[in-house]
Structure formats: structure tokens, C-alpha cells
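Note sheet for the following structure.
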Amino acid sequence: MKWPRAAGKHRRSIAEALAAVTPALLSTDRGVPADDDIRRALYSWAFNKTRRDAGAPPEGLASTVKWLAANTVKLTELSDAAIVRKALDLLATRLDGKSAAATTVARKRAVFYGALRYAVELRLLDGHPMDYVQWSAPKATDEVDRRSVVNPTQALALLAAVHDRDPSLVAFFACMYYAALRPAEALHLRADECELPEAGWGWLRLTGSTQHVGTDWGEDGAVREDRELKHRAKTATRDVPVAPPLVRALRWHIARNGIESDGRLFVAQGWQPGPVTLGKYTRVWRQARAAALTPAQQRSPVGPHTSDGGGTSRKA
């Protein structure tokens with residue numbers, strides 16, 4: 001139901017959450033497949049509409065899918081609070097048995113809640129089972145871990161290390177440090193969205209984000225997709241002030257690398273067209289971090305690895 005309108009990353013997130021909770025909803029453990037096989041069957045086929053529509057599951061997953069279809073509890077059995085609580089407890093646990101992060105638990109719980117709410121909508125359940133279960137999720141915090149925030153000296157050292165490895169990514173990472181852009185927002189940035197005076201402060205008018213979704217979750221097998229800004233309407237924009245160091249970095253980048261035909265600033269170099277790949281900028285940042293920080297700093301959260309969503313990179 002959600003697939004047609006959901007972004008690729010959202011589709012993947014839903015599949016991940018449902019694959020995580022399903023093992024708590026098995027009616028028996030007799031003949032149960034291996035945990036890895038269950039996760040693979042659920043994540044890569046059962047909860048991927050494109051692959052399901054394409055036909056039967058792959059030969060290596062068919063027996064696992066068949067077993068799961070025959071050995072999960074009936075919807076009506078979710079009136080048993082113990083089953084629902086077991087499912088919620090599983091969502092709050094990582095694969096290694098440790099407690100999951102509060103934000104991860106909240107995201108997966110929301111997906112599970114939404115699935116059961118859809119069952120209520122279809123009149124397959126009389127009421128929502130989770131509304132009758134007393135269960136407390138881990139407390140989330142919006143505070144930034146101060147240990148992860150690099151100081152100006154460290155920032156310059158990291159950007160210099162990036163320059164040594166790939167000069168075309170210096171301004172890309174400078175956008176994250178000086179303007180708190182998410183990686184997806186920086187990848188979407190175009191020249192006509194930049195106001196870069198010769199001196200002083202400038203402005204960025206962000207219009208969207210370019211997300212890495214993987215070939216299994218986007219439209220028509222595309223690895224990336226252009227979307228609206230996070231938590232904003234499709235036509236919404238966001239104005240971001242640009243500090244003088246970032247103005248200089250962006251002007252230098254444009255003078256050195258030019259602008260793509262569609263106006264995009266940060267594109268892959270060489271044979272592969274399109275925006276810089278997730279693997280590329282993650283690898284460069286990891287190498288720069290190893291070169292610019294001391295061993296003790298590398299073991300700490302300072303200057304955390306970037307991510308497509310930009311949660312940790314914005315702290316940096």
C-alpha cells in the first residue's frame with residue numbers, strides 16, 4: 001500500500017523493520033530455517049514489492065518463504081499481549097543481543113504499528129493490538145554528542161586530508177561542516193542555488209536531496225533518486241546562510257571542476273556519470289579521518305563517518 005508513494009530509503013526502512021519483527025511472530029520453532037536465511041528471505045523478497053511482482057522467490061529462498069508463510073501466527077492471535085510484547089522487545093534488540101538505539105527502536109516500532117493499523121483499516125482486526133500493551137520504548141535524546149563535534153583546527157586538518165585524496169570533494173565536506181547540509185542535500189546542490197559573493201557571506205537555496213537507495217528499492221532499478229527536502233513538501237525550499245570559508249570553497253570548486261550540464265556541483269569523476277557515489281565519499285572521509293586525527297581521536301566519536309541520511313554527518 002505504501003510502496004508506490006514511498007521513497008526508496010523509506011521502502012528499505014519498512015522492509016528492514018518488518019524483517020526484524022517477524023521472527024517474534026512464529027507459531028513454532030519446529031523446522032525453523034536459519035536466522036540469516038529468514039532475514040534474507042524477508043528483506044530481499046517478501047517485503048520488496050518489485051521482486052515479489054517479478055515472480056516466485058529465488059530457488060535459494062523458496063523453501064524459507066514457504067516455511068514462513070505456513071508458520072507465522074494468525075492476525076487474531078495478536079490479541080495476546082504476550083506476543084505483541086515479545087515483538088516489541090525484539091525490535092529493541094540488535095542482532096548481537098545488545099540494546100538498539102532509541103531512534104532505531106522508534107522507527108521500527110512505527111513501521112510495525114503502521115502495518116497493524118492497516119490491518120484494522122482492512123477490518124482484519126477489531127482494534128489495534130499495541131494499544132492494549134504496556135511497553136516503554138527507550139528514551140530518545142535530541143542532544144548532540146559534544147565529543148563528535150570537530151573543532152575548527154580539526155576541521156581544517158580533515159578538509160586538507162580530503163584535498164590530498166580527492167580535491168573535488170573538499171567543498172562537498174565543507175558544505176556539511178560550515179552549513180550543516182546532509183550528504184543528500186549536498187549531492188543535489190546546483191550552481192543556480194548558490195549565491196556566492198566575492199567577499200562576505202552568501203546563501204544556498206536548497207530545493208531537494210539526492211539519495212542513494214540501491215537498485216532494489218528505487219524506481220526502474222536506479223541506484224539514486226532525487227527527492228524533496230526531508231520532512232518538507234515537494235516544492236518547498238530551505239535557505240541556508242553560507243559562511244565566508246564555505247563561499248571561498250565553493251567558488252574554488254566551481255573554478256577548478258566546473259559545473260555539470262544539469263547544474264549539479266558534486267559529480268562522479270571518470271567513467272561513472274551522475275552524483276558522487278556513497279562508496280566514494282565514504283571511503284575518502286574514512287581515509288581523511290585516519291590521516292588527520294590521532295589514534296585516540298580515531299577511536300572516539302569525533303568527526304563520525306558520514307552517512308547518506310546525514311544524521312551523524314550533521315553533528316560533524
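Where a number appears in this text, it was derived from the coordinates with a stated rule and is not lab data. On a predicted model such as this, the values are computed, not experimentally measured, just so you know. FYI the Cβ positions are ideal-geometry reconstructions off the backbone, even for glycines, and counts take in every protein chain you see.
Annotation: lysines with alpha-carbon distance below 22 angstrom to LYS139 (same-chain offsets under eight excluded): LYS86, LYS98, LYS108, LYS315. Contact order, relative form, for the chain: 18 percent (alpha carbon pairs under 8 Å, 6 or more residues apart, mean separation divided by residue count). Between LEU122 and SER261, full extension at 0.36 nm per residue minus the direct alpha carbon distance yields a gain of 45.2 nm. The fraction of Cα-Cα pairs per 5 angstrom bin, counted from 0 for the stretch 146-315, comes to 1, 8, 17, 22, 21, 16, 9, 4, 1, 0 percent, rounded to whole percents. In the chain, the longest principal axis of the Cα atoms and the axis of helix 278-292 are about 60 degrees apart.
Kindly give Rg over Rh for the stretch 223-273, based on alpha-carbon atoms, with the Kirkwood expression for the hydrodynamic radius. Present the calculation step by step, with values, prior to reporting the outcome.
Numbers: Rg = 14.0 Å, Rh = 13.6 Å.
Using only Cα positions, Rg/Rh for the stretch 223-273 is 1.03.
When HIS163, HIS253 are sorted by how many other C-beta atoms sit within 10 angstrom of their C-beta, beginning with the fewest, the order is HIS163, HIS253. Relative to the longest principal axis of the Cα atoms of the chain, the long axis of helix 152-165 lies at roughly 90 degrees. The long axis of helix 170-179 is offset from the longest Cα principal axis of the chain by roughly 80 degrees. Considering only alpha-carbon pairs that sit under 8 angstrom and 6 or more positions apart, the relative contact order computed for the stretch 3-132 is 29 percent.
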